């Protein structure tokens, strides 16, 4: 989920990990927050980022948590079903709908790849590498 975080220095890896018992908190994809209309600015150390809590510290658990934060099981199933429909030459869907379904699938795959990158970095930090 998107959140705001006070952080003096963004880690070089782009991933900040906090371990609280069996819970792993991940912060990544840091950016400058959008200042609401009518406000002058935010403190310099306030950053927008993704925030994920993981009940575990394995690579698979972290990847799943990051993916599931953006895609529920229902939306994942819909994306896969729509992708299969878009690949079927006999489906009868319009070219526009086919392009939409293929774009949804590509966006999902991009997020999945990004989740794997973040998970590798997080696991390395957790293991102290």
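The values are calculated or read from the model by the stated rules, or taken from the named source; none is laboratory data. Small disclaimer: the values here were computed from a predicted structure and weren't measured. When we count neighbours, we look across all protein chains shown, and the Cβ atoms used for this are built from the backbone with ideal geometry, even at glycine.
Annotations
- Of the helices (runs of 4 or more DSSP H) lying entirely inside segment 27-129, those containing at least 3 residues that are closer than 20 Å to residue 13 by Cα span 59-70, 95-126.
- Remark: residue 107 falls outside the filter, which requires a residue to be loosely packed, with under 13 Cβ neighbours inside 10 Å and out of contact with any helix residue (DSSP H, G or I) (no Cβ under 8 Å at 6 or more places or on another chain).
- Among the residues making up segment 1-11, a single one is out of contact with any strand residue (DSSP E or B) (no Cβ under 7 Å at 6 or more places or on another chain) and either surrounded by 14 or more Cβ atoms within 10 Å (Cβ to Cβ) or at pLDDT 95 or above (or both): 11.
- Selection count, segment 73-83, where residues are loosely packed, with under 12 Cβ neighbours inside 10 Å and modelled with pLDDT of 95 or more: 3
- Selection from segment 17-50 of residues that are within 21 Å of residue 110 (Cα to Cα), in contact with a helix residue (DSSP H, G or I) (Cβ under 9 Å, 6 or more places away or on another chain) and buried (at least 17 other Cβ atoms within 10 Å of the Cβ): 26, 28, 50
- Applying the set (1) on the phi > 0 side of the Ramachandran plot; (2) over 17 Å from the mean Cα position of the chain (by Cα); (3) modelled with pLDDT of 95 or more to residue 102 leaves exactly one unmet item: (1).
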